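Worksheet: one structure, shown below.
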Amino acid sequence: MLWLLFLTLSGLGGSVPLFPDPGSGRPQGGIAGTHDAPTGRWPWQVSLRRYNKGLELWQHVCGGSLIHHQWVLTAAHCTQREDLEAGGFRVQVGRMRLYDHDKPTNVTQVIRHPEFNQSLSAEGGADIALLKLEAPVTLSEHINLVTLPPASLKVPERKMCWVTGWGYIRLGAPLPPPYQLQEVTVPIVENRVCNQLYQNSSNSFGEIIKDDMLCAGSEGQDSCQGDSGGPLVCSWNCTWVQVGIVSWGDICGHRDFPGVYARVMSYISWIRQYVPPSPGS
Ligand code: ARG
């Protein structure tokens, strides 16, 4: 997950990112970036796997979240290769560390949103997919479901929410062993503001941030490669509600490019076509 500490040199007509000294150790909270997530805090976080023949390993490719005993919510672009069907994926639930006592579960069904466009990928929107697990998981201290929002939920601008994952922790820097789940708090950025930021930097005038997307992040606080499909959650009255799915973004942790998420509220009725509400949620 992602953090990129960008010190900006301005006044030269552009900004030049400087990276922190890689020898300065792991970030431990503070002004920028992620830190190790405490055990049991994000029990719905899952790791989506594909088999890597060379490594002989079910390799982490994306995050996801448990929304039902037998269903995982993820990003459609994580399931993108058309030749890959359910048998090409597995899901590891209930672990803080990747590959630690690995026992990934088979996936029996992959349902991509019909409006997801393979060639536009995440940036085209509808970046949402459901994975059905072979067998229901047993809930425990380490495995639990995240609450879905009502379709009408409005997420206030600047509300601090959380994103979790095993993605890159810096530009070009994969999470090092022991691959502990990372968490970072990110402020919600209004769609209009986010669209403006992306337009300014790309000299484009079209709508970049669509209505079914949601932006969050600030300088040094963002998701990054490998976090895709994972949950963005906000707390209301002590309940964590998943409002976003990690989808895309330009440069991780750059102040001019907030992370872009699939807006879960836009897809509640689609999810409910396949996934029944769980008792108590
Ligand atoms: N597309 C990336 C993935 O597949 C997620 C990128 C998120 N980027 C960002 N700046 N928030 O893992």
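The values are calculated or read from the model by the stated rules, or taken from the named source; none is laboratory data. Please read these numbers as outputs of a predicted model, since none were measured by experiment. So basically every Cβ, Gly included, is an ideal-geometry build from the backbone, and we count neighbours across all protein chains shown. Quick note on the areas: whole protein, heavy atoms, side chains included, nothing else; ligands and nucleic acids left out. Shrake-Rupley method; radii C 1.70, N 1.55, O 1.52, S 1.80 Å.
Structure summary
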item	result
Every residue from the stretch 138-153 that is open to solvent by 20 Å² or more (accessible area, probe 1.4 Å) and closer than 26 Å to Arg97 by Cβ	Thr138, Leu139, Ser140, Glu141, His142, Ile143, Asn144, Leu145, Thr147
So Tyr168, is it within 12 Å of the ligand (Cβ to nearest atom), touching a Cys at 6+ places or on another chain (Cβ under 7 Å) and not basic (Lys, Arg)	yes
Residue match in the stretch 62-74 (condition: over 18 Å from Arg263 (Cα atoms), buried (at least 19 other Cβ atoms within 10 Å of the Cβ), free of Cβ contacts under 8 Å to residues at least 60 places away in the same chain and more than 17 Å from the chain's Cα centre (by Cα))	no
Which listed residue, of Trp236, Trp248, Trp166, Trp240, is without any contact (Cβ under 8 Å) to a residue 12 or more places away in the chain and not charged (D, E, K, R)	Trp236
Residues located in the stretch 239-250, provided they are part of a strand (DSSP E or B) and either at pLDDT below 95 or away from the ligand (no atom under 14 Å from the Cβ) (or both)	Thr239, Trp240, Val241, Gln242, Val243
Subset of the stretch 220-247 that is within 9 Å of Tyr261 (Cα to Cα) and aliphatic (A, V, I, L, M) - its residue that is farthest from the chain's Cα centre (by Cα)	Val243
Restricting the stretch 199-238 to residues that are within 14 Å of the ligand (Cβ to nearest atom) and among the hydroxyl-bearing types (Ser, Thr, Tyr), the residue that is surrounded by the most Cβ atoms within 10 Å (Cβ to Cβ)	Ser223
Residue list for the stretch 186-198, restricted to those being open to solvent by less than 30 Å² (accessible area, probe 1.4 Å) and of a type in the set (Val, Ile, Thr)	Val186, Ile188, Val189
Residue check for Leu148: within 15 Å of the ligand (Cβ to nearest atom) and not basic (Lys, Arg)	no
Residue match in the stretch 156-164 (condition: within 12 Å of the ligand (Cβ to nearest atom) and in contact with a Lys or Arg (Cβ under 9 Å, 6 or more places away or on another chain))	no
Residue list for the stretch 249-269, filter: within 27 Å of Arg170 (Cβ to Cβ) and surrounded by fewer than 20 Cβ atoms within 10 Å (Cβ to Cβ)	Asp250, Ile251, Arg255, Asp256
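Residue-wise test of (1) in contact with a Phe, Trp or Tyr (Cβ under 9 Å, 6 or more places away or on another chain); (2) crowded, with 18+ Cβ neighbours inside 10 Å; (3) touching a residue at least 40 places away in the same chain (Cβ under 8 Å).
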{"site": "Glu85", "(1), (2), (3)": "no, no, no"}
{"site": "Arg90", "(1), (2), (3)": "yes, yes, yes"}
{"site": "Arg95", "(1), (2), (3)": "no, yes, yes"}
{"site": "Asp100", "(1), (2), (3)": "yes, no, yes"}
{"site": "Thr108", "(1), (2), (3)": "no, no, no"}
{"site": "Ala122", "(1), (2), (3)": "yes, yes, yes"}
{"site": "Ala126", "(1), (2), (3)": "yes, yes, yes"}
{"site": "Leu130", "(1), (2), (3)": "yes, yes, yes"}
{"site": "Glu134", "(1), (2), (3)": "no, no, no"}
